[in-house]
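The values are calculated or read from the model by the stated rules, or taken from the named source; none is laboratory data. None of the values given here were measured: they were computed from a predicted structure. Note: ideal-geometry Cβ built from the backbone for every residue, glycine included; neighbour counts use all protein chains shown.
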Amino acid sequence: MLLHVKVVPNSREFRVTREKTGWKISLTEPAERNKANIELVKKMEKITGRRVRILRGGTGKKKVLEIEGEETEILGLLADA
């Protein structure tokens with residue numbers, strides 16, 4: 001499944017929220033030395049229990065994630081996070 005997200009580094013807490021335009025993920029790590037991307041992948045893998053990869057947007061705020069599994073199952077897990 002491909003998931004389009006907007007990330008916000010340097011937030012007070014990790015949070016996944018659904019917005020009108022898509023998913024927004026707040027990260028606690030800064031966007032330097034790949035720290036935010038590492039946090040994003042680890043936390044998303046923990047939430048979904050699946051392998052997660054960043055396909056596009058490695059240096060930007062808008063990213064495309066590849067998550068193994070069925071779309072309905074993954075979206076349900078994200079909604080509960």
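Tabulated results
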quantity: Identity of the residue in segment 30-59, more than 13 Å from the chain's Cα centre (by Cα) and closer than 15 Å to LYS6 by Cα, that ends up surrounded by the most Cβ atoms within 10 Å (Cβ to Cβ); calculated: ALA31
quantity: Residues located in segment 17-28, provided they are without any contact (Cβ under 8 Å) to a residue 40 or more places away in the chain and either out of contact with any Phe, Trp or Tyr (no Cβ under 9 Å at 6 or more places or on another chain) or over 20 Å from ARG51 (Cβ atoms) (or both); calculated: THR17, GLU19, LYS20, THR21, GLY22, LYS24, SER26, THR28
quantity: Unique match (being out of contact with any strand residue (DSSP E or B) (no Cβ under 9 Å at 6 or more places or on another chain) and on the phi < 0 side of the Ramachandran plot) among THR59, THR48, THR17; calculated: THR59
quantity: Strands (runs of 3 or more DSSP E) wholly inside segment 7-68 containing at least 1 residues that are more than 15 Å from ALA79 (Cα to Cα) and at pLDDT 95 or above; calculated: 52-56, 62-67
quantity: Residue that is in contact with a His (Cβ under 8 Å, 6 or more places away or on another chain) and in contact (Cβ under 8 Å) with a residue 40 or more places away in the chain, where the choices are VAL5, VAL64; calculated: VAL64
quantity: ASP80, sole failed condition from (1) loosely packed, with under 13 Cβ neighbours inside 10 Å; (2) over 14 Å from ILE25 (Cα atoms); (3) free of Cβ contacts under 8 Å to residues at least 60 places away in the same chain; calculated: (2)
